[in-house]
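Step one of this worksheet: look at the structure below.
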């Protein structure tokens, strides 16, 4: 009798969830008799594994299989390039992000607005047939409250109603009133989404200021700001 365990990336949603790295630690420390097969991408992409010691252990104790990397989600075939685009954007690789966006923008349009009403109208107008739409925000986006976006909705949002009820039901995602966070929507998807962005998600820019005298750096200051 054989047991199989298929593990993928992207599991680090909440505090204390270590994802792929912790699965490999368990194999290395407690299940050394297991056969390990892996995709090469976990060694080349730090999004999957950022621990050099574990990378070396996997290479020495596992077998690489290129077909193990599930590059395209069956549920989101139109967004094949989306994850790569987001990855480049967060790493501030603007040139690469622009190039990828040019490839995906027809099948996966992304637009930006400060008008919340306009954003909701846009997803409603783009949805066709049984396609679902709704509003998403970070669970820490507390300062969106003045705009009518409340993320502290424990006990209010019910997944079966939010994902299944029709657009005339106030509990439905399509009514665009009850906002879902990463905890409400994990593992499930919408066809069209308004993603509300708050100050809890930002990029730090570091500015180095110094003076030089006789070949030596003096008075080094490091300033940081949010953008």
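The values are calculated or read from the model by the stated rules, or taken from the named source; none is laboratory data. None of these values were measured; they are calculated from a predicted model. We place every Cβ from the backbone using ideal geometry, glycine too, and count neighbours over all the protein chains shown.
In segment 48-56, is there at least one residue being assigned to a loop (DSSP other than H, G, I, E, B), over 28 Å from residue 185 (Cβ atoms) and at pLDDT 80 or above? No, segment 48-56 contains no residue that is assigned to a loop (DSSP other than H, G, I, E, B), over 28 Å from residue 185 (Cβ atoms) and at pLDDT 80 or above.
Going by the structure shown, is residue 97 in contact with a strand residue (DSSP E or B) (Cβ under 6 Å, 6 or more places away or on another chain) and either more than 13 Å from residue 176 (Cα to Cα) or surrounded by 14 or more Cβ atoms within 10 Å (Cβ to Cβ) (or both)? When the stated conditions are applied, residue 97 does not pass them.
Okay, residues lined up against (1) out of contact with any helix residue (DSSP H, G or I) (no Cβ under 6 Å at 6 or more places or on another chain); (2) at pLDDT below 75; (3) part of a helix (DSSP H, G or I):
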| residue | (1), (2), (3) |
| --- | --- |
| 63 | yes, no, no |
| 71 | yes, yes, no |
| 98 | yes, no, yes |
| 109 | yes, no, no |
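Looking at segment 134-144, is at least one residue in a helix (DSSP H, G or I), in contact with a strand residue (DSSP E or B) (Cβ under 9 Å, 6 or more places away or on another chain) and touching a residue at least 40 places away in the same chain (Cβ under 8 Å)? Steps first, please.
We begin by selecting, within segment 134-144, every residue in a helix (DSSP H, G or I); these are 142-144.
Adding the requirement that they be in contact with a strand residue (DSSP E or B) (Cβ under 9 Å, 6 or more places away or on another chain) leaves 144.
Imposing the further condition that a residue be touching a residue at least 40 places away in the same chain (Cβ under 8 Å) reduces the set to 144.
Checking segment 134-144: at least one residue is in a helix (DSSP H, G or I), in contact with a strand residue (DSSP E or B) (Cβ under 9 Å, 6 or more places away or on another chain) and touching a residue at least 40 places away in the same chain (Cβ under 8 Å).
Answer with yes or no whether residue 115 is at pLDDT 80 or above and either more than 30 Å from residue 150 (Cβ to Cβ) or more than 18 Å from the chain's Cα centre (by Cα) (or both). Yes; evaluated as a whole, the condition is true for this residue.
Among the residues of segment 158-192, write down those that are in a loop (DSSP other than H, G, I, E, B), surrounded by 18 or more Cβ atoms within 10 Å (Cβ to Cβ) and over 16 Å from the mean Cα position of the chain (by Cα). It would help to see each step written out before you state the result.
Here is the first cut: in segment 158-192, the residues in a loop (DSSP other than H, G, I, E, B) are 158, 165-172, 176-179, 181, 186-191.
Next, from what is left, pick out any that are surrounded by 18 or more Cβ atoms within 10 Å (Cβ to Cβ): 172, 176, 178-179, 181, 190.
Residues satisfying the conditions are 172, 176, 178, 179.
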